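Notes for the one structure printed next.
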Protein chains: 2
Amino acid sequence: MKALVYTAPETLDYREVPEPTRQADDILVRVEAVGICGSDMHAYLGHDERRIAPLILGHEAAGTAVEGALRDRRVVINPLVTCGRCSACLAGRTNICTSRQIISMAPRQGAFADLVAIPERNLIPVPEGMDVTRAALAEPIATGWHAVVKAAALSHQPLAECDALVFGGGAVGMSAALSLHAQGCRRIHVAETNAGRRETVAKANIAAVYDPLSEPGPGENAVDVVIDCVGAKATRKAGIAAVRPGGVIAHVGLSDGADGMDVRKMTLQEVTFVGCYTYTMEDFRASVAAMESGALGSLDWFEQRDLADGIEAFDDLLQGRAASSKIVLRPRGGD
Amino acid sequence: MKALVYTAPETLDYREVPEPTRQADDILVRVEAVGICGSDMHAYLGHDERRIAPLILGHEAAGTAVEGALRDRRVVINPLVTCGRCSACLAGRTNICTSRQIISMAPRQGAFADLVAIPERNLIPVPEGMDVTRAALAEPIATGWHAVVKAAALSHQPLAECDALVFGGGAVGMSAALSLHAQGCRRIHVAETNAGRRETVAKANIAAVYDPLSEPGPGENAVDVVIDCVGAKATRKAGIAAVRPGGVIAHVGLSDGADGMDVRKMTLQEVTFVGCYTYTMEDFRASVAAMESGALGSLDWFEQRDLADGIEAFDDLLQGRAASSKIVLRPRGGD
């Protein structure tokens with residue numbers, strides 16, 4: 001089969017590779033759409049010590065099951081492979097399974113390929129009438145959805161009464177803003193430094209969008225909930241300044257280091273800071289359902305390209321030449 | 001009246017001062033017992049920009065109401081004066097009232113004095129048979145109690161199923177350990193560097209006590225709940241290392257800065273970090289009730305001295321010559 005292989009920092013090779021090896025419970029899925037995530041870019045740049053070349057990246061995938069009970073059905077892939085037996089899994093908190101794996105990280109290859117191996121229990125049927133390319137958005141959407149679910153659970157007020165601030169207007173930030181809206185929040189700010197992304201988020205018409213480098217945003221002690229989809233020193237600092245006493249910060253992004261925490265304010269004003277990693281299977285299903293119901297809007301904030309043109313797509317993203325929040329690659333080997 | 005007045009960094013003066021001025025709703029309480037808190041020491045050293053000399057420190061007080069409905073009754077003082085009208089107060093979260101005041105911080109004088117002014121609504125009757133000196137422990141106990149209540153609310157398991165780690169074996173750390181035990185936790189570790197304090201905590205017979213400078217403690221990813229009553233770089237670092245995926249850190253101490261946060265682990269492992277400040281009135285009442293019921297043990301981990309000897313007491317604490325977790329000062333002007 002063909003795959004886009006990460007072979008060395010800043011180097012990808014679109015080439016012929018063997019079909020994936022199945023682990024226990026795995027079946028093969030023919031990939032039809034797979035998004036490029038910030039973490040793929042991070043790995044491509046050689047910054048992710050967990051993703052060592054040579055490796056097939058890509059974990060935001062939808063396609064058609066090749067075998068098993070869902071054979072020939074369109075499916076979305078939950079890329080997080082969990083044991084189902086540890087106390088976290090048994091409590092439904094599959095995302096903190098102590099032996100979790102994710103496709104695109106050893107020992108599992110990713111989905112920038114014609115085929116990917118994944119346990120059948122990780123598949124969710126694509127709802128009738130949903131385009132397979134849109135379906136591939138389920139993974140970043142579930143990440144934003146999960147952060148909003150966590151923030152809502154920790155907030156002392158319902159989201160309908162909250163002012164919220166999202167850092168980042170990429171796919172996860174956009175998904176967090178849409179999830180806040182779908183879960184009842186009506187006063188949403190989104191901070192994004194890239195003008196093209198600001199425009200994309202603004203089009204969704206659910207949030208006040210601003211450039212944190214030149215505009216003031218909501219101000220100090222002005223929001224109840226912060227969803228930090230960037231996770232950098234500057235956003236942590238700005239998020240803690242912006243949150244009201246007793247408020248909640250859901251920290252999703254993994255940009256850099258540990259700086260920017262104002263532990264004194266967090267303590268004196270009882271701020272809750274919660275780490276958010278991916279999603280549970282429940283969040284993933286809820287996200288697909290919300291996508292189907294229309295609660296997350298038209299979901300047109302992506303562009304699609306051939307997987308064969310993936311190298312150029314990575315370069316465009318790196319150079320800031322991609323205006324949309326997401327590039328979805330489409331393998332053609334399955335056609 | 002006589003008072004111990006903080007007049008300049010590292011300088012106290014036991015001297016005659018005017019009786020306190022009452023603000024609206026205030027009544028006078030004759031102070032009979034008042035503990036020395038770490039924050040009093042912090043102010044005494046000139047490290048608290050909110051507590052400017054000249055000022056009467058002291059906020060852990062019990063005594064007898066001089067006037068009002070509780071006249072001549074023994075009372076414990078909740079030193080946190082809140083508005084009762086803001087959304088935080090109306091939700092019972094009085095400790096994050098946006099206009100909160102505390103005695104021993106301008107505009108309110110503290111309780112290292114014969115008399116203190118405080119709203120009548122801040123008084124809780126001392127239960128029958130409880131010594132007034134013990135009653136003065138209610139304030140640090142309520143601080144530990146509150147942190148445990150918050151941690152329990154955020155934990156995904158009941159405290160009875162949790163391994164817990166408390167940093168600090170002073171009055172608040174001791175209170176947190178006792179509160180964990182009273183609220184059902186049976187696997188409690190306490191880290192304390194001072195040998196005398198370790199001995200005091202060990203006597204309570206509810207926790208495994210260790211010296212974090214020379215002993216390993218519970219290890220990495222070994223506890224579900226951390227109560228950090230120190231709040232220093234070293235304890236934050238050790239707390240985040242010790243907490244299991246999905247666990248909770250309640251951060252009470254205000255020792256220093258913002259360092260020690262492992263934001264990457266907190267994000268990837270969904271750790272919840274919550275700031276804890278003092279207590280709500282509900283926590284305060286619950287603490288007094290738990291003290292009365294015996295759920296917090298014998299409460300004999302303090303020593304008492306005359307307020308007139310307060311200068312020496314501060315010096316002993318500073319030089320590490322006080323073995324007990326708490327020194328309670330006893331004004332004699334009321335006798």
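The values are calculated or read from the model by the stated rules, or taken from the named source; none is laboratory data. For clarity, every value in this text was computed on a predicted model and none was experimentally measured. As a convention, Cβ positions derive from the backbone with ideal geometry for all residues, glycine included, and neighbour counts pool all protein chains shown. Just the protein is used for accessible areas: all its heavy atoms, side chains included, with ligands, DNA and RNA removed. Shrake-Rupley method; radii C 1.70, N 1.55, O 1.52, S 1.80 Å.
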Here the net charge surrounding B:Leu180, from other residues whose Cβ is less than 10 Å away from its Cβ (Lys, Arg +1; Asp, Glu -1), is +2
Of the accessible area of the stretch A:248-313, with the probe set at 1.4 angstrom, what percent is carbon plus sulfur?
-> 46 percent
With a 1.4 Å probe, how much accessible area is buried between chains A and B, both sides summed, in Å² to the nearest hundred?
-> 3000 Å²
Evaluate the distance, in nm, between pseudo-label points positioned 7 Å from the Cα of B:Arg264 and of A:Asp315 along their respective Cα→Cβ axes.
-> 3.1 nm
Stokes-Einstein D for the stretch B:247-335 (37 °C, 0.692 mPa s, Kirkwood Rh from Cα pairs), in µm²/s, comes to 192 µm²/s
Relative contact order, percent, chain A [alpha-carbon distance under 8 Å, six or more residues apart] = 18 percent
State the three equivalent ellipsoid semi-axes of the stretch B:47-149, derived from the C-alpha gyration tensor as the square roots of 5 times its eigenvalues, in descending order and whole Å.
-> 21, 18, 15
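May I ask you to give the average projected area over all directions of the convex hull of the Cα atoms of the protein assembly as shown, in nm² rounded to one decimal?
Answer in nm², one decimal: 30.1.
If you take the beta carbon distance between A:Arg73 and A:His42 as r and set R0 to 41 Å, what does 1/(1 + (r/R0)^6) give as a FRET efficiency, to the nearest 0.05?
Numbers: r = 32 Å, r/R0 = 0.79.
The formula returns an efficiency of 0.80 here.
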What residues have an amide H closer than 5 Å to that of B:Gly247, excluding those fewer than 5 places away on the same chain, when H is modeled at 1.01 Å from N in the peptide plane?
-> B:Thr272
Mean separation of Cα pairs under 8 Å and 6+ residues apart, divided by the residue count of the stretch A:151-195: what relative contact order is that in percent?
-> 44 percent
Within the under-11-Å Cβ sphere about B:Ala88, not counting B:Ala88, Lys/Arg +1 and Asp/Glu -1 give a net charge of +3
Close lysine pairs (the protein assembly as shown; alpha-carbon distance under 23 Å; 8 or more apart or on separate chains) counted at 26
Normalised contact order of the stretch B:193-335, rounded percent, pairs of Cα under 8 Å and 6 or more residues apart = 19 percent
Cα gyration tensor of chain B diagonalised, 5x eigenvalues square-rooted, in angstrom largest first, produces semi-axes 32, 21, 19
Measuring label to label, 7 Å along Cα→Cβ, what does B:Met41 give against each other copy in nm, shortest first?
-> 4.9
In the stretch B:67-110, which residues become less accessible by 30 Å² or more once every protein chain is in place, relative to the chain on its own, using a 1.4 Å probe?
-> B:Arg93, B:Ile96, B:Arg100
Summarise the long-distance tail of P(r) for the stretch A:148-241 by giving the % of C-alpha pairs beyond 23 Å.
-> 13 percent
Residues in the stretch B:275-303 occluded by at least 20 Å² - accessible area, probe radius 1.4 Å, against chain by itself | B:Gly275, B:Tyr277
Starting from the amide H of B:Ala111, placed 1.01 Å from N in the peptide plane, find each other amide H under 5 Å away whose residue is 5 or more places distant or on another chain.
-> B:Gly58, B:His59
Per residue, in Å², the accessible surface of chain A once ligands and nucleic acids are set aside, probe 1.4 Å = 38 Å²
To one decimal in nm, how far is B:Gly129 from the same spot in the other copies, if labels go 7 Å from Cα toward Cβ? Please give the shortest first.
-> 7.1
Return the residues of the stretch A:202-248 for which accessible area with all protein chains present is lower than in the chain on its own by 30 Å² or more; set the probe to 1.4 Å and exclude ligands, DNA and RNA.
-> A:Pro245
Put a point 7 Å out from Cα along the line to Cβ at B:Arg71; what are the distances to that point in the other copies, in nm, shortest first?
-> 9.2
Taking only C-alpha positions in the stretch B:173-306, Rg and Dmax in angstrom work out to 15.4, 52
Angle in degrees between helix A:233-242 and the longest Cα principal axis of chain A, rounded to the nearest 10 | 40 degrees
Classified through the alpha carbon gyration tensor (a ≥ b ≥ c as square roots of its eigenvalues; rounded if a/c is under 1.5, else prolate when a/b is larger than b/c, else oblate), the stretch A:113-189 comes out prolate
In nm, what is the difference between 0.36 nm times the number of residues separating B:Ser293 and B:Ile52 and their Cα-Cα distance?
-> 82.9 nm
Inter-part gap, Cα centre of the stretch B:51-68 to Cα centre of the stretch B:198-251, in whole angstrom, is 33 Å
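Based only on Cα atoms, what Rg/Rh ratio does the stretch A:1-101 have, Rh being taken as Kirkwood's radius?
That ratio equals 0.99.
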Multiply the residue gap between A:Glu10 and A:Arg121 by 0.36 nm, knock off their C-alpha separation, and tell me the result in nm, one decimal place.
-> 36.6 nm
Sort B:245-258, A:96-109 for me by packing, meaning the mean count of neighbouring Cβ atoms within 10 Å per residue, highest on top.
-> B:245-258, A:96-109
